[in-house]
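The values are calculated or read from the model by the stated rules, or taken from the named source; none is laboratory data. From a predicted model like this one, the values you see are computed outputs, not experimental measurements. All Cβ positions, glycine included, derive from the backbone under ideal geometry; neighbour counts span all protein chains shown. For the accessible areas, the whole protein counts, side chains as well, though only heavy atoms, and no ligand, DNA or RNA atoms are used. Shrake-Rupley method; radii C 1.70, N 1.55, O 1.52, S 1.80 Å.
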Amino acid sequence: MSRIDDLIAEHCTAGVRTQPLSELATYVRGVTYGKNDEQENGPLRVLRSNNITLASNTLNFDDIKHVSSNVRVRDNQRLYANDILISAASGSKAHVGKVAFIFENLSGFTFGGFMGVLRTNGTLEPRFLFHMLIGRSFSEHLDRTLSTTTINNLNASIMGSFVVPVPPMEVQREIVRVLDQFTQLEAELEAELEAELEARKQQYDYIRNELLVYKQHHGVPIFTVGELCNVSRGKVISKDHLRDRAGGYPVYSSQTQNFGIFGYIDSYAYDFESITWTTDGANAGSVFYHNNEQFSITNVCGLLKVKNTSVILTKYLYYQLGLTANRYVSRGMGNPKLMAKAASSIAVSVPHIDEQKRIIFILDQLDALVNDLSVDLPAELIARRKQYEYYRDRLLTFEDAVG
């Protein structure tokens, strides 16, 4: 930080002045349009709150809304290089104030009415303001101002009243250089870790397929799930019966099995080695292994208990179903389903128990490698993010700031 300290000592002998953002930048709200203006391939593309990724404060182009050229767009509602796009209104307070930096002119793009754009007037380096807006001081400003309203809306008054330190341009640019290095390293690390994770997943899928896809001439017997397992389904569990985790047993449901637990109850339905699967919805056909866990499931999940573990091992069946269950999902009427009857009909190759054990051993090792990296990836990124936040808040806090 010596370079920045030297610049501050050289250029800020009278302290760093502060100004309200209304004196430093122009704030423009986005276009409004009706449902009738939306067109699947309309010429005008509208960025909305979902196009700002909260975790990284970057722009994404997922789920772009297209509208007719009849929608009136002023020149200042186009998107230009060095603009800062901000989510100005949202049902979720956490998403109000999230920002993304526009690095180049975006021809054919505008932004919706719940969005805004900030354009600095030359006194502030745009990237300096961007780092300020993802920093602690702006977050605290939003906490103070939005808590006095019932609507999460960043109007011009709230936005303009944010007080910003304005060091000389040389200092701003050096701070931006340092903080941009942190964000660039974070982006490179994320890309590297995600590439490694994808490579491990592909390796896992390849080896799993090699181990579990049997050719007919191998003479491996085929059974149905209904022949191998007792098949049952969960029951309706009201949210009123759920409780805090302490002392409770987990309940899984279709909406949460991939990501967590529906809730906890005082008793449990199952306490043996088993496989559950999702029967309805987007996750239909997803399978989950339970190693003597005490738990329950709701009515949108099914459960398999192996009848005879001398014929097939539960963990081996889990790996087989992870490969094949999705093929039995019906997708009619836009609601994917894998009900008990269809699940019972799933064909399973059943090699000798010793071969099953060998396959389980190999896939367990690969599964651990993938899962370890899945945990390490966010942990490493969180560590880098904390490092960036430390230096950002340190660099953007001027103790001798003057109004």
Query raised in the report: Counting only residues that are under 24 Å from ARG385 (Cα atoms) and among the hydrophobic types (A, V, I, L, M, F, W, C), which one in segment 64-87 is surrounded by the most Cβ atoms within 10 Å (Cβ to Cβ)?
Result: LEU85
Query raised in the report: In segment 114-144, which residues are within 25 Å of the chain's Cα centre (by Cα) and exposed (fewer than 15 other Cβ atoms within 10 Å of the Cβ)?
Result: ARG136, SER139, GLU140, ASP143
Query raised in the report: Does LYS93 qualify as being closer than 17 Å to VAL28 by Cα and of a type in the set (Lys, Arg)?
Result: no
Requested in this report: Go through segment 323-336 and count every residue that is open to solvent by 40 Å² or more (accessible area, probe 1.4 Å) and in a helix (DSSP H, G or I).
Outcome: 6
Report summary line: Over segment 13-63, the set of residues in a loop (DSSP other than H, G, I, E, B), open to solvent by less than 30 Å² (accessible area, probe 1.4 Å) and more than 16 Å from THR110 (Cα to Cα) is GLY15, LEU24, ASN57
Query raised in the report: Looking at this structure, is GLY97 part of a loop (DSSP other than H, G, I, E, B), buried (at least 21 other Cβ atoms within 10 Å of the Cβ) and modelled with pLDDT under 95?
Result: yes
Query raised in the report: Within the group LEU189, LEU179, LEU211, LEU197, which residue is at pLDDT 80 or above, open to solvent by less than 40 Å² (accessible area, probe 1.4 Å), among the hydrophobic types (A, V, I, L, M, F, W, C) and within 27 Å of the chain's Cα centre (by Cα)?
Result: LEU179
Query raised in the report: Which of the residues that make up segment 235-266 are open to solvent by 70 Å² or more (accessible area, probe 1.4 Å), at pLDDT 85 or above and of a type outside the set (A, V, I, L, M)?
Result: LYS235, ASP266
Query raised in the report: Counting only residues that are buried (at least 20 other Cβ atoms within 10 Å of the Cβ) and of a type in the set (Val, Ile, Thr), which one in segment 281-322 is nearest to VAL251 (Cα to Cα)?
Result: ILE297
Query - Selection from segment 262-288 of residues that are farther than 25 Å from ASN308 by Cβ and out of contact with any helix residue (DSSP H, G or I) (no Cβ under 9 Å at 6 or more places or on another chain) - result: TYR264, SER267, THR278, ASP280, GLY281, ALA282, ASN283
Requested in this report: Run down SER232, SER157, SER161, SER147 and say which single residue is modelled with pLDDT of 90 or more and exposed (fewer than 13 other Cβ atoms within 10 Å of the Cβ).
Outcome: SER157
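This table checks each residue for (1) at pLDDT 90 or above; (2) in a helix (DSSP H, G or I).
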position: THR276; (1), (2): yes, no
position: ASN283; (1), (2): no, no
position: THR309; (1), (2): yes, no
position: ILE312; (1), (2): yes, no
position: LYS357; (1), (2): yes, yes
position: PHE361; (1), (2): yes, yes
position: ASN371; (1), (2): no, yes
position: LEU381; (1), (2): no, yes
Query raised in the report: Among all residue pairs at least 6 apart or on different chains, which show Cβ distances below 8 Å where the first residue, located in segment 161-187, is touching a residue at least 24 places away in the same chain (Cβ under 8 Å) and more than 23 Å from ARG384 (Cβ to Cβ) and the second is among the charged types (D, E, K, R) and part of a helix (DSSP H, G or I)?
Result: none
